[in-house]
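Heads up, the thing below is written out as structure tokens.
The values are calculated or read from the model by the stated rules, or taken from the named source; none is laboratory data. Worth saying up front: this structure is predicted, and the values here are computed from it rather than measured. Cβ coordinates were reconstructed from backbone atoms using ideal geometry, including for glycine residues, and neighbour counts include every protein chain displayed. These area figures cover heavy atoms from the full protein model, side chains too; ligands, DNA and RNA do not enter into them. Shrake-Rupley method; radii C 1.70, N 1.55, O 1.52, S 1.80 Å.
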Amino acid sequence: MCEPFIRNHQYNYIRNQADAVLHALRSVGDPKIWESVRLSAQTKVLELFPDLSDNRKTLLASISDVKTAEDVHNYRLALEPYRIGFPPVTEKQIRKLFPKNKKLKLPDLSQIDFRQVSYLGWTDIATNKMFIVYPAGEGFVGVEGRYTATHKKSYCFVCSSYEELALFTAASKKRPAHASPDYYKSVGNYVCMNSHECNKNMTDAASLEKFISSVLE
């Protein structure tokens, strides 16, 4: 029985490495460079999971064997049973994360492929707000803030990809000792307008986790 262990952003990273190997094989004529790219991809993928010592490690390491588009397809297909989906979440659980927002509009959870989700994100045009839900321990954390569409492309702080962005600004819940009652601090950054595309591009969760921590902790 397969024990899932690959999170969405890790799968995206592995996919990119497999594509890089295939690109090198198609565009580079020097066999030594091919070998270097293949071994580099294998090393990078295995470094994501340093504690693996079973057949899962062997499966990941086989990225160095891909030579054709069909090989890449079969490699990615073999990884599918090992993907960890976003933890099951209900509308009730999400609403509890935003108790002050009584008219919270939620995405249609039934239309989401949670295997392809690292974070749940959506916008509410009526209130000009953006929402992020992220797994934390046995539950979830939620971040709510204002967003300003930029109507231009640049690099997203979450996925580092070149996409159409919005400036997402959330009020920090951190309060310095002896802060005045009206103390206010906001935390902002540029994120993809389309969270679906962001999740497809995301290869590392560190930036998102740091942002959430800066707001909540």
Check: Dimensions of the chain along principal axes (Cα, Å, largest first)?
Finding: 65, 40, 37
Notebook entry, point to check: Using a probe of 1.4 angstrom, how much of the accessible area of region 1-85 is carbon and sulfur, in percent?
Noted result: 52 percent
Item checked: Cα lying deepest toward the dipole's positive end in region 1-159, options Gly85, Gln42, Leu59, charges on Cβ -> Gly85
Note to self: Under 10 Å, Cα contacts only: if you run a Gaussian network model on the chain, which one of Gly137, Gly188, Gly121 comes out with the highest mean-square fluctuation?
What the structure shows: Gly137
Check: Tell me, what does the Kirkwood hydrodynamic radius of region 1-129 come to in angstroms if you use every pair of distinct C-alpha atoms?
Finding: 17.2 Å
Check: What is the chain's relative contact order, in percent, from Cα pairs under 8 angstrom and six or more apart in sequence?
Finding: 19 percent
Check: Per the helix-only calculation at 222 nm, which mean residue ellipticity applies to the chain, given -39500 (n - 2.57) for every DSSP H run of n ≥ 4 and division by its residues, nearest 500 deg cm²/dmol?
Finding: -11500 deg cm²/dmol
Item checked: Residue-normalised accessible area of region 1-124, given per residue in Å² at a 1.4 Å probe -> 60 Å²
Next item on the list: Calculate the dipole size of the chain relative to its Cα centre from +1 charges on Lys and Arg beta carbons and -1 charges on Asp and Glu beta carbons; express the result in debye to the nearest 20.
Entry: 880 debye
Check: How big is the gap, in Å, between the Cα center of region 1-27 and the Cα center of region 185-201?
Finding: 23 Å
Note to self: Connecting C-alpha atoms closer than 10 Å in a GNM of the chain, tell me which of Ser53, Ser195, Ser64 has the biggest fluctuation.
What the structure shows: Ser53
